[in-house]
Amino acid sequence: MKKKIIAVVCLVLSICMMTGCTTFNNFKNAFFGSDGADAVAKDRTIKIGVFEPLSGQNKEQGNLELMGIQLANELYPEVLGKKVELIVSDNQSDLYVGETAIQELVLQNPVVVLGSYGETLTLLAGDVVKANNIPGIAITSTNPLITVNNQYYFCATYAEAKQGDALADFVYNEQKKSKTVTVKMAGDDTATDVIRRFNSRMDKLSENSDNTLGNFELSIDSKDYSEVLKSVKESGAQAVFLNVSPTIAQEFFKQAEKSGLTGLLFVGPKSWNDEKFLKYIQDNRKFSIGYAADFSTKTTSTEMSEKFIKAYKQKYGQDAEPAQETAVAFDAYLMALTAIEDAYENTMAMEEEDLAESANTEAEEKALKEDWQLTKDTGIPTGKAVRDAIKAIEGFEGASGVISYGGTNEATKTIEVVYHAKGVLKDSFAVEAEKTED
């Protein structure tokens, strides 16, 4: 019996090759039936790549992001009726290892790649995913170069400079302070951009550009900040935007205490969400600070925030507090699933004749038809379709806030500002995306 079946299959294949009258897909459907083709499509898994530093210098942050992806996968293990398989690749916080790791990862045909922590490694991955038409979603990396020339890479959180808008809203609207100064390290161009946004936003909110009383710089060659502290004190400022690292900020606060500058409000970037630095603030109990954050358990702005926190505590303990990297990674996975579903629906809603009308050339028409047929046969949308679906995401309610792309690959989302009054964690404030300015 087996020999007869094999002989018939060989005969049909031979006829197909000789006549050219049918494709292999037509043969497959005709000989085995459409139910057989549907079964093949249904049994396929959908692969999502994870490109993270799970060892090396950035292993702590890389593993925090992986935790969020894995938790989301446990809660939502399927999409389009198929199991989601995570393909995890450790780039070891190293460029040379990362180059090989991302090449090997895309060979396994993931629909989306998530990561990496670390902007340099994300930039490295960007060239590879673009060449293979696979969309990537960076989680906490926000360097604009990741997305500016790469329509296949997205950021799951807000651009660095938008912290300036959120912190200005916090200073003026929540803390009712209008007279400000800024401090940054000399030569820090990123800090300059954030400060420019902060000052511009403060001018608009107060309707008075004279309320910015000074912009000061700390020398990278000196640990003596007395001259800047003297200038801050003499300015009469009510609030200081101290846009420096937590290590520099801690030393600045030690000297500020000796200078009698403990009564001012200090605000800083999201890098202040640092365990060692916050312990100093809480133990010292002399300074009031606010800092931008991707996520805070003090503010559950969406239903998904509550679901994420509940699931995290069930898994890691009721006293465990999720890191912001974990929350944003959780959202990146969920946005990937949303885009996969939307991409499939958008593709299947098209008729074959519609593809010809939307194409500008015969080559483009052929490519569109091949992608449409591939999606129909496998039940999995193409990378290009998923990329377009991510761009179309609007009002996505994630654990870390409401995220939109609006036809771009730059996220606009809720920004949290966490507030410690005299060292005591008081509250956090959600600054809505529509309040920030591009």
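The values are calculated or read from the model by the stated rules, or taken from the named source; none is laboratory data. This one's a predicted model, so the numbers in the text were calculated from it and none came from an experiment. Positions of Cβ are generated from backbone atoms using ideal geometry, with glycine treated the same way; all protein chains shown enter the neighbour counts. When the accessible area is computed, the model is the full protein with side chains, heavy atoms only, and any ligands, DNA or RNA have been set aside. Shrake-Rupley method; radii C 1.70, N 1.55, O 1.52, S 1.80 Å.
Taking Thr361 as the residue in question, decide whether it is farther than 28 Å from Val50 by Cα, among the polar types (S, T, N, Q), modelled with pLDDT under 95 and surrounded by fewer than 20 Cβ atoms within 10 Å (Cβ to Cβ). So Thr361 fits the description; yes. Of all residues assigned to region 373-384, none qualifies as being at pLDDT 90 or above, of a type in the set (A, V, I, L, M), in a loop (DSSP other than H, G, I, E, B) and open to solvent by less than 20 Å² (accessible area, probe 1.4 Å). All of (1) under 30 Å from Val417 (Cβ atoms); (2) touching a residue at least 60 places away in the same chain (Cβ under 8 Å) hold for Glu341 with one exception: (1).
For region 143-185, which positions are touching a Phe, Trp or Tyr at 6+ places or on another chain (Cβ under 7 Å) and either on the phi > 0 side of the Ramachandran plot or part of a loop (DSSP other than H, G, I, E, B) (or both)? Scanning region 143-185 gives a single hit, Ser178.
Selection of region 206-219 for residues being crowded, with 17+ Cβ neighbours inside 10 Å and assigned to a helix (DSSP H, G or I) yields Ser206, Asn211. Number of residues in region 113-172 that are among the acidic types (Asp, Glu), open to solvent by 30 Å² or more (accessible area, probe 1.4 Å) and either within 30 Å of Ser200 (Cα to Cα) or touching a Lys or Arg at 6+ places or on another chain (Cβ under 9 Å) (or both): the value is 2.
A Cβ distance below 7 Å, combined with a sequence gap of six or more or placement on separate chains, defines the contacts here; from region 65-77, residues that are at pLDDT 95 or above and charged (D, E, K, R) reach residues that are open to solvent by 30 Å² or more (accessible area, probe 1.4 Å) and outside any helix (DSSP H, G or I) in the pairs Glu65/Tyr117. Please go through region 173-193 and pick out each residue that is without any contact (Cβ under 8 Å) to a residue 12 or more places away in the chain and open to solvent by 60 Å² or more (accessible area, probe 1.4 Å). Scanning region 173-193 gives Lys176, Asp189. The number of residues in region 394-404 being open to solvent by 10 Å² or more (accessible area, probe 1.4 Å) and touching a residue at least 24 places away in the same chain (Cβ under 8 Å) comes to 4.
Here Val148 clears all of (1) touching a residue at least 12 places away in the same chain (Cβ under 8 Å); (2) closer than 30 Å to Ile69 by Cα except the condition numbered (1).
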